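The values are calculated or read from the model by the stated rules, or taken from the named source; none is laboratory data. Note that the coordinates shown come from a computational prediction; the quantities given were computed from them, not determined experimentally. FYI the Cβ positions are ideal-geometry reconstructions off the backbone, even for glycines, and counts take in every protein chain you see.
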Amino acid sequence: MAGDLRHRRAPPPEDGDEGASPAEESAAAVDNGKEGAGERNGKREALGWLEWGRGWMAIVGEFLFQRIAASHLANPLELPPLDGVSIVVTGATSGIGLEIARQLAQAGAHVVMAVRRPKVAQELIQKWQNENSETGTPLNAEVMELDLLSLDSVVKFADAWNARMAPLHVLINNAGIFAIGEPQRFSKDGHEEHMQVNHLAPALLAMLLIPSLLRGSPSRIVNVNSIMHTVGFVDAEDMNLRKRKYRSWLGYSNSKLAQVKFSSMLHKRIPAEAGINVVCASPGIVDTNVVLGVHYLQHLTPKFQNTVRCLSLKTGLSVLASHTIAIQ
C-alpha cells in the first residue's frame, strides 16, 4: 500500500460495523493464496502458499535490488532546517535510530532520545556536540529513559512528556528487537517479546502521546517497519505464539505485520482535522546489530555499508516531507 492516506480515511463506523483494515481486506481477497493454508472451523491459521511465496520474493528482491533503488540518492542527504520541531526517537543509541537522531539534531530539531540506556545516550550527545563545535551552535538534544519491555515504563515516559504541555511534532517508533535463533521469551507483562517491543509498546506509546501530538499538529507517528511483515500472520487469539512451534523469524514477522495493521487502523480512526498522520516506513536491509546477528549474512553486510546513511536519511526525509507519506 502506498500513497498519502489522508485522502483515504474511512468514514466513522455505523451500526456497530467496525470495518476492515486494508491488510485484512487484502488477505480476504486473495482467494488463490489460501491454497495450502491451515484452516480450522473456517478460520485461517497460516499463510497460503502463494502468499508465502510472494512474501519471500519481496524480501529477496529488496535484499538484491535495494542498492540499485537507492543509487540516485545523495550521500548524505541534506535535511531542511528543523528549528522548533520536537521529535521523539526510540532506540536512538544504535543502528538506524542513532543515525536518525544525530542527523535530526544537527538539522536543528529538538530531539528526545527515548532509550533503555540513558548513560550511553548522554555520551553520544556529548560526542555529537564535540563534532558540532565548529559551527558554534549547541545541539538541542536530551535523554529520557524508556524500556519497551515494560508497559509501566511506557506509561511513565508518556506521562512525563505530556506533563510538559509542550507540542510533539514527530514520534519515531524505531526501537525493535529480532532475537535471531533465541528461544521464546516473554516480558514481565506476559507478552511475547517481539510482539511487545515491536508492536504493543510502540502502539501504547503512540496513543498516550496523542494529546502532545495534537498540540504539535500537523504531526505524525512514524513506525519503522520491515519487509519481513510480508511473511507474517497475525492470529488475534494467539498473539504469543503458544499454539504453534515458535521460531524467532516468525515472532518478528508477526509483530511487524501487527504494526502495519495497527498503523492503518489508527490512521483511519484519527479524524483528518486532527492533523496527525500515521506512517510505516521500511528502511530496507541495513548494516545494524540485527543483521550482524545473522552469521551467514555477515560477509555480505560490507556491501551495504555505503548505503546505511543514505537509507537512514531517506527514512528521515520521508518522515518530514508530506509528499512522501505512505503506509508500506
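Among the residues of the range 144-172, those that are among the charged types (D, E, K, R) and more than 22 Å from Glu123 (Cα to Cα) comprise Asp152, Lys156, Asp159, Arg164. Of all residues in the range 71-93, those being part of a loop (DSSP other than H, G, I, E, B), in contact (Cβ under 8 Å) with a residue 12 or more places away in the chain and out of contact with any Lys or Arg (no Cβ under 7 Å at 6 or more places or on another chain) number 10. Just to verify a result, which residue in the range 41-57, among those that are at pLDDT 70 or above and hydrophobic (A, V, I, L, M, F, W, C), is surrounded by the most Cβ atoms within 10 Å (Cβ to Cβ)? This residue is Leu50. Filtered by the rule that a residue be touching a helix residue (DSSP H, G or I) at 6+ places or on another chain (Cβ under 6 Å) and either farther than 30 Å from Trp161 by Cβ or exposed (fewer than 15 other Cβ atoms within 10 Å of the Cβ) (or both), the range 58-109 gives Ala58, Ile59, Glu62, Arg67, Ala70, Leu73, Asn75, Pro76.
Filtered by the rule that a residue be buried (at least 20 other Cβ atoms within 10 Å of the Cβ) and in contact with a helix residue (DSSP H, G or I) (Cβ under 6 Å, 6 or more places away or on another chain), the range 204-228 gives Leu205, Leu209, Ser212, Ser219, Ile221, Val222, Asn223, Asn225, Ser226, Ile227, Met228. Of the residues making up the range 119-151, those that are farther than 28 Å from Pro81 by Cβ, touching a residue at least 24 places away in the same chain (Cβ under 8 Å) and not hydrophobic (A, V, I, L, M, F, W, C) are Glu145, Asp147, Ser150.
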